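**Q** Dropping a structure here in structure tokens format, bear with me for questions.
Read-outs: derived from the displayed coordinates by stated rules, not from any lab. Bear in mind the structure is a predicted one, so any value in this text is a computation, not a measurement. Cβ sites come from the backbone with ideal geometry, for glycine too, and all protein chains shown count toward neighbours.
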Amino acid sequence: MKEDYVIGIDFGTDSVRALVVNAQTGEQAGTAVREYSRWKQGKYCDASLSQFRQHPLDYLEGLEGAVKEALEKAGDHVRQNIRGISVDTTGSTPVAVDRNGTPLSLLPEFADNPNGMFILWKDHTANAEAEQINDLAHGLATDYTKYVGGIYSSEWFWAKILRTLRVDPEVRENAFSWVEHCDWISAELTGNTDPLTLKRSRCAAGHKALWHQDFDGLPPSDFLSKLDPLLDGIGDRLFSQTETSDAPMGTISSGWASKLGVPENVVIGVGAFDAHMGAVGALIEPYSLCKVIGTSTCDMLIAPNEEAGHLLIKGICGQVDGSIIPGMLGMEAGQSAFGDIYAWFAKLIIEPVRTLLGEEAAQEMSRNLIPHLAKHAEKLPVTDNDIIAIDWLNGRRTPDANHTLKGAILGLNLASDHVRIFKALVESTAYGSKSIVERFRHEGVPIHQVIAIGGVAKKSPFVMQTLADVLNMPIKVAASEQACALGAAMFAAVASGVYTSLPEAQEAMSSGFDAVYSPRPAQAAVYQTLYQKYLQTGAFLENSFLHQFSLA
């Protein structure tokens, strides 16, 4: 029997992963990871300003290196039988491009200008612009935020574009259009990056750019020009149509086919965001909440359009027909920080060690600190008087986006050691997850089960057990350590014609689940009390303390 192979490429926050998969069996033939070299050096970023930018060369070099290494591991037989390639990326991560679709930072005069680079999902420099979008939209007869939860976020497309146009006259003068990472990298592989003709992802456009069928595409020009005259006419240089990710973007260019060593008839699929393709790789089904748990979380949910399409779900990151599974309503929520909170706490401890004892000691502690904290935290009892932490260290994504919010730790005393504080931080991320579940339920969308993927889900039993106890629901962990890349590979198999539908590809290529965390009744009961304290504390921070702080 002829074997067909596909490649899923997963662009994460820190690195890119390539996965070569047998499309008939789902067997992994080769995989490789490349870190972004400039990003690793901290270039073009300023955490104090919430500025996070990535250079397109990191993406291009990472893609080439990861795919070539994965194919070398797979062998020549596999290489000659590659049928399709699909890509997932972080988002919203847009970039300013010229008339040819070239990111400005690939031009010599913008090579070191962060505003000509990809504006990473977690960049929050556009908080003021997001607030302005909300103020305008909420005062109109047609609220263009109604399909994205009613609140536009500074992490999204329009806020980032407007902020950049306002602060950088050179980018403003030279930016012909703007393209999401998942669209640009897929188009780059085909050789057609023309911003007026390249296919745009339904996933990216619907969840982050206010695209909807009811609006005949993007918000109209009068809305955009009223928002700021700098946006006048920009819609003519963007798009009105979108595609789901089972559609082909095109065929690989001869240049990329030669670079990667694959046939010139390889089909490139339309891209999407990592969490959405990850949910596909994890076998999401209606009313199953799929949590992609890493530095942050993205929470995916699907439902039949005829059952949930009439709802307007407040405070989430959008509801889009076909954004996850073609033909189903895709819903997104998430937390702006999850694993990042644990990493922040670890850094507080490790940096003095680096200063006092040297790099070798700091590296040793870095490898062992989080597992050590988790080992001891899981031995602590859960009581009504435990420390309460609020997980808004990077603002709040959902429910009800507000990236000006700050985190907090309350209830400290002289017995509050590093293990107890770590336990409280883990619990805070679980409470943040519970608030998302409760919002969906309150808005009329049931959740029947929870599926987890991502680094934290695979590596931290303590975090996952805490999450199951707080949610008071079982959590199934997908077996694949590369669910996002696997989901991309499934889409590649459909776009290239190996399968006629996504469910066919999922059935053939799935790796199933390898762990289940069940809630412990005693701990779940206490956590219900602690969760109420979390809500009360969060309300105080948001409505009283932080409001007064911002006015000072």
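**Q** Could you work out how far the C-alpha centroid of segment 402-432 sits from that of segment 188-249, in angstrom?
**A** Each part reduced to its Cα centre gives a spacing of 40 Å.
**Q** Each label point is 7 Å from the Cα along the Cα-to-Cβ direction; what then is the distance between the points at residue 264 and residue 57, in nm?
**A** 3.0
**Q** Sum -39500 (n - 2.57) across every DSSP H segment of at least 4 residues in the chain, then divide by the residue count to get the 222 nm mean residue ellipticity, nearest 500.
**A** About -12000 deg cm²/dmol.
**Q** State the extension gain, in nm to one decimal, for the chain segment bounded by residue 15 and residue 449, taking 0.36 nm per residue of separation less the distance between their alpha-carbons.
**A** 153.2 nm
**Q** Rounded to the nearest 5, what % of the DSSP beta bridges within the chain are antiparallel ones?
**A** Bridges in the chain are about 70 percent antiparallel.
**Q** Simple spin-label model, 7 Å along Cα-to-Cβ: residue 522 to residue 379 in nm?
**A** Each label point lies 7 Å from its Cα, and together they span 1.7 nm.
**Q** May I pose another question? Work out, step by step, the length gained on full extension between residue 366 and residue 545: first 0.36 nm times the residue separation, then minus their alpha carbon distance; give nm to one decimal.
**A** 61.0 nm
**Q** Here is a follow-up. Going down the list 291/375; 73/423; 43/459; 122/314; 2/68, which pairs span over 31 Å between their C-alpha atoms?
**A** 73/423
**Q** Using the count of nearby Cβ atoms within 10 Å as a rough guide to exposure, how do 376, 207 rank from fewest to most?
**A** Details: 376 16, 207 32.
By the 10 Å Cβ count, ascending: 376, 207.
**Q** I've got another one for you. At a 10 Å Cβ-Cβ cut-off, how would you order 311, 71, fewest neighbours first?
**A** On the way: 311 14, 71 23.
Listed from fewest to most nearby Cβ atoms, that is 311, 71.
**Q** Next up: Do you know the relative contact order of the chain, to the nearest whole percent, from alpha carbon pairs under 8 angstrom that are 6+ apart?
**A** Relative CO of the chain lands at 16 percent.
**Q** Follow-up. Classify segment 239-360 as rounded, prolate or oblate from the Cα gyration tensor: take a ≥ b ≥ c as the square roots of its eigenvalues, call it rounded if a/c is under 1.5, otherwise prolate when a/b beats b/c and oblate if not.
**A** oblate
**Q** How would 280, 33 line up from fewest to most surrounding beta-carbon atoms within 10 angstrom?
**A** Fewest-to-most ranking of 280, 33: 33, 280.
**Q** Here's something else I'd like to know. Based on Cα positions only, what radius of gyration and what Dmax would you give for segment 476-545, in angstroms?
**A** 20.8, 57
**Q** Just to be sure I understand the model, the point goes 7 Å from the Cα along the line to the Cβ. What's the resulting residue 107 to residue 240 distance in nm?
**A** For the pair residue 107/residue 240, the computed spacing is 2.8 nm.
**Q** If you count, for each residue, the other Cβ atoms within 10 Å and average over each peptide, how do 365-374, 394-403, 142-151, 48-57 line up from highest to lowest?
**A** 394-403, 142-151, 48-57, 365-374
**Q** R0 = 45 Å: FRET efficiency of residue 415 with residue 38, Cβ-based, nearest 0.05?
**A** Given R0 = 45 Å and the Cβ-Cβ separation, E is 0.50.
**Q** Once you have a ≥ b ≥ c as the square roots of the Cα gyration tensor eigenvalues for segment 170-257, tell me rounded if a/c is under 1.5, and otherwise prolate or oblate according to whether a/b is larger than b/c.
**A** oblate
**Q** For the chain, what does the alpha-carbon gyration tensor say about shape, rounded, prolate or oblate, given a ≥ b ≥ c as the root eigenvalues, a/c under 1.5 as rounded, and a/b over b/c as prolate? Write out the running numbers ahead of the final one.
**A** Numbers: a/c = 1.42, a/b = 1.21, b/c = 1.17.
Judged from the Cα gyration tensor, the chain comes out rounded (a/c under 1.5).
**Q** Given an 8 Å cut-off on Cα distances and at least 6 residues of separation, report the relative contact order of segment 1-67 as a percent.
**A** Rounded, it is 30 percent for segment 1-67.
**Q** Same structure, new question: Viscosity 0.692 mPa s, temperature 37 °C: give me the Stokes-Einstein translational D for segment 111-246 in µm²/s, with Rh taken as the Kirkwood radius over C-alpha pairs.
**A** Here the translational diffusion coefficient equals 214 µm²/s.
**Q** Could you compute the FRET efficiency for residue 479 and residue 501, with r as their C-beta to C-beta distance and R0 at 30 Å, rounded to 0.05?
**A** Numbers: r = 23 Å, r/R0 = 0.75.
FRET efficiency, residue 479 to residue 501: 0.85.
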